[in-house]
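S.K.: Let me begin by handing over the structure; questions about it come next.
A short reminder: the numbers here are calculations on the coordinates, not readings from a lab. Quantities reported herein were computed from a predicted structural model and do not represent experimental measurements. Here the Cβ positions follow ideal geometry from the backbone for every residue, glycine too, while neighbour counts run over all protein chains shown.
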Amino acid sequence: MAAADKRQLNPLDLYDIRSELTEEECMVQDSVARMVDEKVLPVIQQHFENHTFPQELVREVADLGLLGSSIEGYDCAGLNAICYGLICQELERGDSGLRSFVSVQSSLVMFPIHAYGSAEQKERWLPAMARGEAIGCFGLTEAHGGSDPGNMKTHAKRAGDDWILNGSKMWITNGNLADAAVVWAMTDDGVRGFIVEKHMPGFAAQEIENKFSLRASVTSALFFDNVRVPNDNVLPGVVGLKGPLSCLTQARYGISWGVVGAAQACLNEVLSYTGDRILFGRPIAHTQTVQLRMADMARRITTAQLLSLRLGRMKDAGTMTPTQVSIAKWNNCRAALDIARDARDLLGGAGISAEYVPVRHMLNLESVITYEGTETVHQLVVGKELTGVNAF
Ligand SMILES: Cc1cc2nc3c(=O)[nH]c(=O)nc-3n(C[C@H](O)[C@H](O)[C@H](O)COP(=O)(O)OP(=O)(O)OC[C@H]3O[C@@H](n4cnc5c(N)ncnc54)[C@H](O)[C@@H]3O)c2cc1C
């Protein structure tokens, strides 16, 4: 009997998380997994190598109801938080770039329009965005310091019925693809959200090239030179940093699930590779140190899965807090990045080849651990919760 036949548990789901899911949650996971296997995996490495976004997959994710999936109405699927997490997990098993596209569209653009937008803004943008006919981006970070968004220089001044927007944003996912950018800018009343449309004079997006990470995703700098934005394009429902921060909480939640998918893809690859790789007369999977390293990957994946599942149940119950999201984002990104790096090493020289997934996931995860709050930022959020002292 082959060694793999003696396994009793799914190595990528040792605590049988699957048995905790409802029928609908299983169905969502299976349909996204199928789409990733059939449509994403065959093309993603080429897109990564070519530094191109797989635009052809926008239709696929839209048709499956993955854009704005948590929103009820407006042609959105109205799924629960666990479903959104599973969507992120399966997409990121394919590539963090595609998951980033869906996270930004859903959590950072459709969420604030739904939560804080006017009736007209919701009608105009949400159905089109759910169908993938309109693409959005989220502009918060500025070049002088993404971890400190309170120090925002981009500003808007009232001019009759309009606003005049000036400034710039950096590292903006989907920037060059976007029909509408949700841009956060300082006003006399505090931070406000503006829906800036791509045709507005004075608005420009410039793609950031030569990235070694998230190469199958578009990342841009945005520039606003006296852009006249009608007051109808201001999100009326929120003032202050709590607007963008509430969006980040949604996206960070999804990321905590997403990176589990990347880690699972890496463990899957090393399980297969080390079983076949014969060194010193036996498969390296039969040595103690290789087993120890793979056991450690499985332990960390299991821990990450349990954190995200519990977080999702709390999100659906309405009790999830930003600190709890920080713990999961921090833990799971760190686990996934360490797993990807170790998986790369377990493949030896082959680990640097595009033929195998770990190096692509490893490079992607260097962005994922940085964006949506760096590891340090999340540690300081938890430190503040523990001590009551803001140490930023
Ligand atoms: C591929 C990619 C896509 C992105 N997409 C978007 C997007 O769509 N929209 C958007 O708005 N932003 C986006 N970002 C920006 C991202 O959120 C920022 O890069 C991130 O918040 C960090 O900001 P920064 O790069 O300016 O680093 P900095 O804030 O300059 O941080 C530099 C270092 O200082 C550390 N640090 C920060 N504060 C402290 C402190 N108090 N004590 C000790 N150390 C500290 C950080 O942890 C980090 O290690 C994206 C970034 C990348 C790489």
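S.K.: Of the chymotrypsin sites (Phe, Trp or Tyr not before Pro) in segment 207-245, which ones lie in a loop per DSSP and count no more than 10 other C-beta atoms within 10 Å?
M.R.: Working: sites: Phe212, Phe223, Phe224; in loops: Phe212.
Those satisfying the criteria are Phe212.
S.K.: Here's something else I'd like to know. Counting other Cβ atoms within 10 Å of each Cβ, which GluC sites (Glu not before Pro) in segment 45-101 have at most 13 and sit in a DSSP loop?
M.R.: Values: sites: Glu49, Glu56, Glu60, Glu72, Glu90, Glu92; in loops: Glu56.
Passing sites in segment 45-101 are Glu56.
S.K.: Compute the distance in nm between two label points, each set 7 Å from the Cα along the Cα-to-Cβ direction, one at Asp189 and one at Met27.
M.R.: So the two model labels end up 4.3 nm from each other.
S.K.: Sort 133-145, 330-342, 246-258 by the packing proxy (mean of other Cβ within 10 Å over each peptide's residues), most packed first.
M.R.: Highest to lowest by the protection proxy: 246-258, 330-342, 133-145.
S.K.: While we're looking at this one, here's another question. Give the cross-link partners of Lys153 among the lysines, using a straight C-alpha distance below 20 Å as the criterion and excluding same-chain residues fewer than 8 apart.
M.R.: Once the sequence-local lysines are set aside, what remains near Lys153 is Lys169, Lys242.
S.K.: Compute the length gained on full extension between Met314 and Leu9: take 0.36 nm times their separation in residues and subtract their Cα-Cα distance, giving the result in nm to one decimal. Could the numbers behind the result be given before it?
M.R.: Working: separation 305, 0.36 × 305 = 109.80 nm, distance 2.70 nm.
My answer for the length gained is 107.1 nm.
S.K.: I've got another one for you. What order, most packed first, do the peptides 157-168, 189-200 have when packing is the mean number of other Cβ atoms within 10 Å of each residue?
M.R.: Working: 157-168: 15.5, 189-200: 18.3.
Per-residue Cβ counts within 10 Å, averaged per peptide and sorted highest first, yield 189-200, 157-168.
S.K.: Quantify how much of the Cα-Cα distance distribution of segment 296-354 extends past 19 Å, in percent.
M.R.: 42 percent
S.K.: Stokes-Einstein at 25 °C, 0.890 mPa s, Kirkwood radius from Cα pairs: D for segment 29-125 in µm² s⁻¹?
M.R.: 177 µm²/s
S.K.: Evaluate the distance, in nm, between pseudo-label points positioned 7 Å from the Cα of Ala295 and of Lys157 along their respective Cα→Cβ axes.
M.R.: Using points 7 Å along Cα→Cβ, the separation is 6.7 nm.
S.K.: Taking amide hydrogens as modeled 1.01 Å from N in the peptide plane, which residues meet the under 5 Å criterion relative to Thr187, leaving out close sequence neighbours?
M.R.: Amide H to amide H, under 5 Å and 5 or more residues apart or across chains, Thr187 pairs with Ala156, Arg192.
S.K.: Rounded to the nearest 0.05, what FRET efficiency do Val239 and Glu197 give with R0 = 22 Å and r taken as the Cβ-Cβ distance? Could you check?
M.R.: 0.50
S.K.: Compute the distance in nm between two label points, each set 7 Å from the Cα along the Cα-to-Cβ direction, one at Ser246 and one at Asn210.
M.R.: 4.1 nm
S.K.: Report ³J(HN,Hα) in whole Hz for each residue of segment 290-304, in order, from the Karplus equation J = 6.51 cos²θ - 1.76 cosθ + 1.60 where θ = phi - 60°; Gly and Pro get x.
M.R.: These are the phi-based 3J(HN,Hα) values: 5, 4, 4, 5, 6, 4, 5, 4, 5, 4, 6, 5, 4, 4, 5 Hz.
S.K.: Right, here's the next one. Please give the peptides 384-392, 266-274 ranked by average Cβ packing (other Cβ atoms within 10 Å per residue), highest first, as a rough proxy for protection.
M.R.: The packing order, highest mean first, is 266-274, 384-392.
S.K.: Past 31 Å, Cα to Cα: identify those pairs from Lys157/Lys384; Lys122/Lys157; Lys6/Lys315, in the order given. Please report the intermediate quantities before stating the final value.
M.R.: Working: Lys157/Lys384 34 Å; Lys122/Lys157 24 Å; Lys6/Lys315 38 Å.
Result: Lys157/Lys384; Lys6/Lys315 exceed 31 Å.
S.K.: Direction-averaged shadow area of the convex hull around the Cα atoms of the chain, nm²?
M.R.: The orientation-averaged projected area of the Cα hull of the chain comes to 20.0 nm².
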